[in-house]
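Colleague: My questions will all concern the structure given below.
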Amino acid sequence: MRTPTRRTVLGAALAAAGTGLLAACSADPMKGMDHGGAAPTTPGGFVAPGGPEVAAAEARRGPGPERKVALTATETTLDLGGRTVRSWAYGDRLPGQEVRATVGETLAVSLANHLPQPTSLHWHGLALRNDMDGVPGLTQDAVRAGAGFEYRFALAHPGTYWFHPHSGVQQDRGLYAPLIVEDPREPLRYDKEWVVVLDDWVDGVDGSTPDAVLAELARGMGAMDHAGMDHSAMGGHDMAAMGGTPAGTPSAAPPTAAGPSRMLMGARSALLGGDAGDVGYPFHLVNGRLATAPETFTAKPGDRVRIRLINVGGDTAYRVALGGHELTVTHTDGFPVEPATTQALLLGMGERYDVLVTVQDGVFPLTALAEGKNAAALALLRTGGGAAPDASVRPAELDGRLLGAAQLKADPSVRLPARAPDRTVRLELTGGMAKADWAFNGRRYDPAQRYPVAAGERVRLEFRNTTSMWHPVHLHGHTFALPGDGPRKDTAIVLPGATLAVDFDADNPGLWMVHCHNVYHAETGMMTVLGYRG
């Protein structure tokens, strides 16, 4: 929980991004989706990521003062708090150094790739120019090992955001950092601010890597002699009832070539509609720290604190509570909501919530329960004397009043004007663990497949989840509105068997991904593209 400071480092210049028709995705599911290559030419009729329509939209956002940042993606050793691991990160810290800028500024970021693989930077939640969105094979060429790339774009909206690669499962290493866009006319008043980053961790633990996890999951449950069975046939991985692995523990599958099996069986959560996840992570972190060595934030009793919560995990939802306190939700995914008080919040991967809390006197746990996985991450608030709780602490507020996004209302200043949709794009969430065939509308990611939209339209995205797992769906380059004056968001949970219809205004031309933010679901196929017609 780091107190933010403004930082100015080396600058960057605008670079052209690749455009066009994309190479077909990999036929080998164990390699994930091949969206890391070049993009030769855009099919006729679609706006190109570097086209004049994109440049015109950026010009309307307006050039502003430049905020320069230099990032180096590199192999490094990370200290998680008494446990060191080899991983990939931005520099030598976890999370990466926070980037903080002001709305209206132009962010100029120079990325140097010192990794052994190509990489990229995606700016999660930002409405930015399409050729800076950081999706290799769609909006730019991959940044080769040993090469660099210059990202440059206007910051149109204040809020809590973050950035990470969009290259394979690199996000499930240490390649992530917060991006805070401040509002010079910020209406909230507070004494302190915390940025709290939640993560599930596997990289470098007993030889594990995210790529090995992907390979194991991509083989499907057939690799465990459960071929042809889906989640519903097993009650959502509840193998304990079948005499198998106890619920919420890693499976008894043979170890992989890179560490022990990480396939999780029996993880259950009523809040998530059943199956809670596929991956048994050995660690869960707050700001890169283990629960046995938590980060401690200090304040004075009575201080008013703004907490910016970010879930950067690969496969874990977190239920968050601060012991002895209530939380007042003020924002979700960067956009303000009508203030609402709660004791706990549930964050899917990619979601962010801002809360205000008036802190009491003592030592209190900020606990992030790995929903359905029998584990938790921890940080501490200290405003006075007393012994700190240990890593096993579970504040009562975790089981208290819980608000979800559907219960929140957008602040009137950011509500979409009432309007019937001009176009409805229906996306059925399909697939399962039996064959690891996650997809939209039964079709695994193919970058040449685009769902057309037109500039100026009110677009409705209708997500119908026919799988037996929950999915946090994420839209690039836009924010959508949940029904009934609901909050503006870019990532939303769709429960199994449920349908979620969200609306957005098509005001940012280009080619934009829609995908599940479970990195392993996305990399085995649950991604697609919305393309603006030229």
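The values are calculated or read from the model by the stated rules, or taken from the named source; none is laboratory data. Computed from a prediction, not measured in an experiment: that's the story for all the values here. Using ideal geometry, Cβ is built from the backbone for each residue, glycine included, and neighbour counts are taken over all protein chains shown. Areas reflect the complete protein model, heavy atoms only, side chains present, ligands, DNA and RNA absent. Shrake-Rupley method; radii C 1.70, N 1.55, O 1.52, S 1.80 Å.
Colleague: Could you work out how far the C-alpha centroid of segment 427-476 sits from that of segment 164-212, in angstrom?
Modeller: Rounded to whole Å, the Cα centres lie 24 Å apart.
Colleague: Here is a further query. Give the calculated FRET efficiency between GLU428 and GLN407 to the nearest 0.05, with a Förster radius of 35 Å applied to their Cβ-Cβ distance.
Modeller: Values: r = 26 Å, r/R0 = 0.73.
The computed FRET efficiency comes out at 0.85.
Colleague: Further question: Can you give the three extents of the C-alpha atoms in segment 33-180 along their principal axes, from longest to shortest, in whole Å?
Modeller: Computed over the Cα atoms, the extents are 52, 34, 21 Å.
Colleague: Whenever you get a sec, compute what percent of the accessible area on segment 461-526 sits on carbon and sulfur atoms (1.4 Å probe).
Modeller: Numbers: 600 of 1250 Å².
Answer for segment 461-526: carbon and sulfur cover 48 percent of the accessible area.
Colleague: Taking the square root of 5 times each eigenvalue of the Cα gyration tensor, what semi-axes in Å does the equivalent ellipsoid of segment 441-534 have, largest first?
Modeller: So the equivalent ellipsoid measures 20, 18, 10 Å along its semi-axes.
Colleague: Strictly greater than 16 Å: what percent of every Cα pair in segment 398-494 meets that?
Modeller: Distances greater than 16 Å cover 65 percent of the Cα pairs.
Colleague: Show which lysines lie in cross-link reach of LYS192 when reach means a straight Cα distance below 17 angstrom and same-chain residues fewer than eight apart are skipped.
Modeller: Partners found: LYS300.
Colleague: Placing unit charges on C-beta atoms (Lys and Arg positive, Asp and Glu negative, everything else neutral), compute the dipole magnitude of segment 148-191 about its Cα centre in debye, rounded to 20.
Modeller: Taking the Cα centre of segment 148-191 as origin, the dipole is about 100 debye.
Colleague: Hey, another quick one. So what are the three principal axis dimensions of segment 291-353 from its Cα atoms, in whole Å, longest to shortest?
Modeller: 36, 35, 17
Colleague: Got a number for carbon plus sulfur as a percent of segment 373-442's accessible area, 1.4 Å probe?
Modeller: Percent of accessible area from carbon and sulfur atoms in segment 373-442: 49.
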